[in-house]
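*Asks:* This is the structure, below, for whatever I ask next.
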Amino acid sequence: MGRGQTKDKLPFKPGERATETRQRDKHGRWLPGALPEGRREEPLKTPTDDDLQQIERLAASGYGSYKLSQQLGIDRKTFERWRRDYPEVKEAFHRGLEEEETLILGELLKILKEKQNPIPGIFLLKSRHGYREGESQQSDNRVQLQVTLPAAADEEQYKKLVDVKKLADEGGDNE
């Protein structure tokens, strides 16, 4: 029981809660008529245009989901729901990441030209933007096929293999 609740003040009878089926929609809101007695549905917070601008700016400044949601004054789960349910939030976040990536690449090029240490920039590109050594950054939807051949056989193993195959072929002809 929560703080300050007694058995007399519960909106359900003991034992009833476990069997009660509560239905919610995909956004976590109660369906009409499914809200338990004594509870009121609070409207879910939705992103505003100002939130979208702030998301893009903060993502470009290197903020991850957790710190970004703190700056917006919302729960991390709310921000993740926004990214899932509102394409404009996902796009704003990705635009911010792209801006950050462009900035990092520019700084990395400057460092390389000045012959300074490029390792911090390389680390950021790998950890935040999925760069991998030896892999093309373009996704070109090609099918990759890997064929594994058996190890080379010596002469005696090869003869046994051929003899077994001949026996199998001849055995099928005897009928």
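The values are calculated or read from the model by the stated rules, or taken from the named source; none is laboratory data. Computed from a predicted model, the values in this text were never measured in an experiment. Here Cβ is always computed from backbone atoms with ideal geometry, including for glycine, and neighbour counts include all displayed protein chains.
*Asks:* One residue is enough: does the stretch 76-96 have a residue meeting the conditions more than 18 Å from the chain's Cα centre (by Cα) and surrounded by fewer than 19 Cβ atoms within 10 Å (Cβ to Cβ)?
*Replies:* No, the conditions are met nowhere in the stretch 76-96.
*Asks:* Does the stretch 126-148 contain at least one residue that is farther than 30 Å from D49 by Cα, part of a helix (DSSP H, G or I) and at pLDDT below 75?
*Replies:* The answer is no, given that none of the residues of the stretch 126-148 is farther than 30 Å from D49 by Cα, part of a helix (DSSP H, G or I) and at pLDDT below 75.
*Asks:* Say whether the condition of being touching a helix residue (DSSP H, G or I) at 6+ places or on another chain (Cβ under 8 Å), touching a residue at least 12 places away in the same chain (Cβ under 8 Å) and either of a type in the set (S, T, Y) or assigned to a loop (DSSP other than H, G, I, E, B) (or both) is met by at least one residue in the stretch 79-99.
*Replies:* Within the stretch 79-99, none of the residues are touching a helix residue (DSSP H, G or I) at 6+ places or on another chain (Cβ under 8 Å), touching a residue at least 12 places away in the same chain (Cβ under 8 Å) and either of a type in the set (S, T, Y) or assigned to a loop (DSSP other than H, G, I, E, B) (or both).
*Asks:* Okay, next question. For G73, which of the numbered conditions (1) closer than 15 Å to T48 by Cβ; (2) in contact with a helix residue (DSSP H, G or I) (Cβ under 8 Å, 6 or more places away or on another chain) fails to hold?
*Replies:* (2)
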